[in-house]
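First comes the structure, then the notes that go with it.
The values are calculated or read from the model by the stated rules, or taken from the named source; none is laboratory data. The structure displayed is predicted, hence computed values, not measured ones. Heads up, the Cβs are rebuilt from the backbone with ideal geometry, glycines too, and the neighbour counts pull from every protein chain shown. Remember, those area values only see protein heavy atoms, side chains included, never the ligands or the DNA or RNA. Shrake-Rupley method; radii C 1.70, N 1.55, O 1.52, S 1.80 Å.
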Amino acid sequence: MPEAVGETSKSRRLVVNGEPREVASASLAALLDELGYSGQKVATALNGDFVAERVRHQTGVSPGDEVEIVAPRQGG
Amino acid sequence: MIETEAPSVATQFAPYGVGLSSRLLLGTAQYPSPKVLADAIHAAEVAVVTVSLRREAARTRGGERFWDMIKGLGVRVLPNTAGCRTPKEAITTAQMARELFGTDWIKLEVIANDDTLQPDLFGLVEAAGVLARDGFKVFPYTTEDLGAAERLLTAGCEVLMPWGAPIGTGRGLANPYALRTMRNYFPSVPLVVDAGMGAPSHAAQAMEMGYDAVLLNTAVAKAVDPVAMARAFAQGVVAGRTAFEAGLMEARDMAAPSTPVAGTPFFSFEPKA
């Protein structure tokens, strides 16, 4: 996906962190903004594949996609 | 690869060439508060702590606050892939962890079974190979299985982390014979006993065998006084390592008096009536 994909009025039904969500965004970067993650330190995966922060704006999201948004947490 | 010399002594613990000041690696989960966690890390003077990744809600800063706190402690982090059940999940989690934590170290867990949380050795070897080729420094959570260990080394792992007992059980070293065999079989590979330890004596036992380090979490975090327990484990690790370097005596079946026999008062070769 060479060019950035932005917000459209068309709604998309995605699964974000295991929950169904109706969103307007067409790119992963726009999706994070739309959902309220702006400025948060998170990492992302789309349909099980890692998506680096630098390519989120050129990574499109489509109906049915599964998005994971994670952050640092305590671990053993 | 059969090597018969004894494991190396008195060398620094330096996984992937990074010399560490402590042989105790500590998990960061389940503490009563962030302050207790920080105090436990300080008390035990650990150099490496494990961390993880979890789903984050929007407009929250929990993950960021935790990470800022850890960064302030000046310790190295070893992110894990806890909870991953397939190589694919573990690989993606490792890639997300590398971006978030800024390290290519990864404690690789691919879990096979809910009740035992035992490693899926087949998935582990597969994920380790992919991650090593992608530049990760993989610390695989594995078992004492020597065949799997060989494959992990071939896949690019330079450290192996066999379990002591299943995660969170506190049972200590469930199979000391197999752990001793593994240590002797890989005398020059950095080996860390990871998981299952419940008491400082368990950590000391692993170190007495010649293990390079131990990794634990629950036994410290769930202690009545986690800070004191962290210190106790650190002391156990130092005691065990020092004993290993000093050379433990061989066990024997029959008693042998430690006090000199010569000159014993009332001694006689004749049995007393």
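Observations, loosely collected:
- At 0.692 mPa s and 37 °C, Stokes diffusion of chain B via Kirkwood alpha-carbon radius, µm² per second: 166
- Comparing mean-square fluctuations of B:Ala149, B:Ala112, B:Ala246 from a GNM of chain B with C-alpha springs under 10 Å, the top value falls on B:Ala246.
- B:Ser188 - accessible surface, heavy atoms, 1.4 Å probe, Å² rounded to 10: 80
- Exposure check, 1.4 Å probe, all protein chains in place: B:Asp68 carries approximately 80 Å² of accessible surface.
- Annotation for region A:40-58 versus region B:238-273: alpha-carbon center distance of 65 Å.
- With all protein chains in place and a 1.4 Å probe, the accessible surface of chain B carries 55 percent carbon and sulfur.
- Interface area, B with A, accessible, probe 1.4 Å, both sides summed, Å² nearest 100: 2500
- Counting Lys and Arg as +1 and Asp and Glu as -1 over every other residue whose Cβ lies under 15 Å from the Cβ of A:Glu53, the net charge comes to -2.
- Chain B, dipole about Cα centre (Lys/Arg Cβ +1, Asp/Glu Cβ -1), debye to the nearest 20: 780
- Largest first, the residues B:Tyr31, B:Tyr211 sort by 1.4 Å accessible area into B:Tyr31, B:Tyr211.
- Counting heavy atoms of the protein chains alone, A:Val16 has an accessible area of about 10 Å² for a 1.4 Å probe.
- Unit charges at the beta carbon, dipole of chain B: most positive-side option, B:Gln30, B:Gly62, B:Asn175: B:Gly62
- Proximity of backbone amide H atoms, modeled 1.01 Å from N, is registered between B:Phe139 and B:Ile106, B:Lys107, B:Leu108 at under 5 Å, excluding neighbours fewer than 5 places apart on the same chain.
- Contact order for region B:106-170, expressed relative to its length and based on alpha carbon pairs under 8 Å spaced 6+ residues apart, stands at 33 percent.
- In this Cβ point-charge picture (+1 for Lys and Arg, -1 for Asp and Glu), region B:122-273 has a dipole of about 260 debye about its Cα centre.
- With respect to chain B, whose longest principal axis is taken over its alpha-carbon atoms, helix B:87-101 is tilted by about 80°.
- For the protein assembly as shown, a crude dipole built from +1 on the beta carbon of Lys and Arg and -1 on the beta carbon of Asp and Glu, taken about the Cα centre, is about 720 debye to the nearest 20.
- Percent of beta bridges antiparallel (DSSP, the protein assembly as shown, rounded to nearest 5): 45
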